[in-house]
1. Just wondering, is there one or more residues in segment 145-155 that are among the aromatic types (Phe, Trp, Tyr), surrounded by 13 or more Cβ atoms within 10 Å (Cβ to Cβ), on the phi < 0 side of the Ramachandran plot and at pLDDT 95 or above?
2. Considering only segment 85-128, state which residues are closer than 23 Å to Ser22 by Cβ, more than 15 Å from the chain's Cα centre (by Cα) and outside any strand (DSSP E or B).
3. Here are the criteria: (1) crowded, with 17+ Cβ neighbours inside 10 Å; (2) of a type outside the set (Ser, Thr, Tyr); (3) closer than 29 Å to Pro39 by Cα. Tell me which single one Cys59 does not satisfy.
4. Please verify whether Ser62 is within 19 Å of Ala3 (Cβ to Cβ), assigned to a loop (DSSP other than H, G, I, E, B) and among the small types (Gly, Ala, Ser), treating the condition exactly as stated.
5. Starting from segment 108-137, keep only residues that are at positive phi, then list their pairs with residues that are in a loop (DSSP other than H, G, I, E, B) and at pLDDT below 95 whose Cβ atoms are within a distance under 9 Å, requiring at least 6 positions of separation or different chains.
6. Using beta carbons and a limit of 8 Å, which pairs, at least six apart or on different chains, have the first residue in segment 13-28 and surrounded by fewer than 24 Cβ atoms within 10 Å (Cβ to Cβ) and the second one among the basic types (Lys, Arg)?
Amino acid sequence: MSAWPWPTTADVALRAYAASYSSLLIEAALGVQSLLASPKGQEKAPGCIRHYGEWRVQCQHSPEDRSMLLVTWLEEILYRHEVHDQWFLEGAMKIEEVNGALTAVAQVTWVVADEVERELEIKAVTTHLLAVDEVQAGVTVPSPDPDVPEFQGPGWYCDVVFDI
């Protein structure tokens with residue numbers, strides 16, 4: 001597992017790790033899904049009928065900001081399952097950059113969201129304590145919580161707080 005929840009006051013936070021920025025977005029999305037789904041839902045989701053597609057996301061107000069692209073991507077994950085009944089299951093991501101503007105392009109596998117039992121509702125992705133950083137080889141990022149391991153580079157990590 002590459003994403004761990006940690007408690008905050010009246011909210012829930014998530015730390016994710018990955019080898020690359022594009023992989024970090026996928027790991028963070030999988031972390032969100034693990035927060036939302038009940039244990040039964042997590043077990044059942046991979047066995048549901050799979051659908052495939054391409055999801056493209058760009059942060060309109062800060063198109064060059066990697067942190068805000070992560071927030072926008074996670075908002076898209078929540079929007080897709082609430083509005084389009086699409087539960088993100090897995091994906092492969094690439095980041096396109098045109099004139100400094102970043103676009104996340106994901107080839108995704110999704111299942112019908114109503115088939116996945118949930119135990120938590122996330123109201124919003126916040127920028128409170130938001131961190132998205134590349135970690136150089138040999139550098140250690142300390143844990144924010146005893147249940148979250150520390151991370152040693154090279155790679156990327158993020159901390160995201162959700163309003164529940």
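1. Going through segment 145-155, the residues among the aromatic types (Phe, Trp, Tyr) turn out to be 151.
Narrowing the set further to residues that are surrounded by 13 or more Cβ atoms within 10 Å (Cβ to Cβ) leaves 151.
Filter again for on the phi < 0 side of the Ramachandran plot, leaving 151.
Those left that are additionally at pLDDT 95 or above: none.
No: segment 145-155 contains no residue that is among the aromatic types (Phe, Trp, Tyr), surrounded by 13 or more Cβ atoms within 10 Å (Cβ to Cβ), on the phi < 0 side of the Ramachandran plot and at pLDDT 95 or above.
2. Correct list: Asn99, Gly100.
3. Of everything listed in (1) crowded, with 17+ Cβ neighbours inside 10 Å; (2) of a type outside the set (Ser, Thr, Tyr); (3) closer than 29 Å to Pro39 by Cα, Cys59 misses just condition (3).
4. Numbers: within 19 Å of Ala3 (Cβ to Cβ): no; assigned to a loop (DSSP other than H, G, I, E, B): yes; among the small types (Gly, Ala, Ser): yes.
It is false that Ser62 is within 19 Å of Ala3 (Cβ to Cβ), assigned to a loop (DSSP other than H, G, I, E, B) and among the small types (Gly, Ala, Ser).
5. Leu129/Pro144
6. Tyr21/Arg66; Ser22/Lys94
The values are calculated or read from the model by the stated rules, or taken from the named source; none is laboratory data. Just so we're clear, the structure is a prediction, and the values are computed from it rather than from any experiment. Note: ideal-geometry Cβ built from the backbone for every residue, glycine included; neighbour counts use all protein chains shown.
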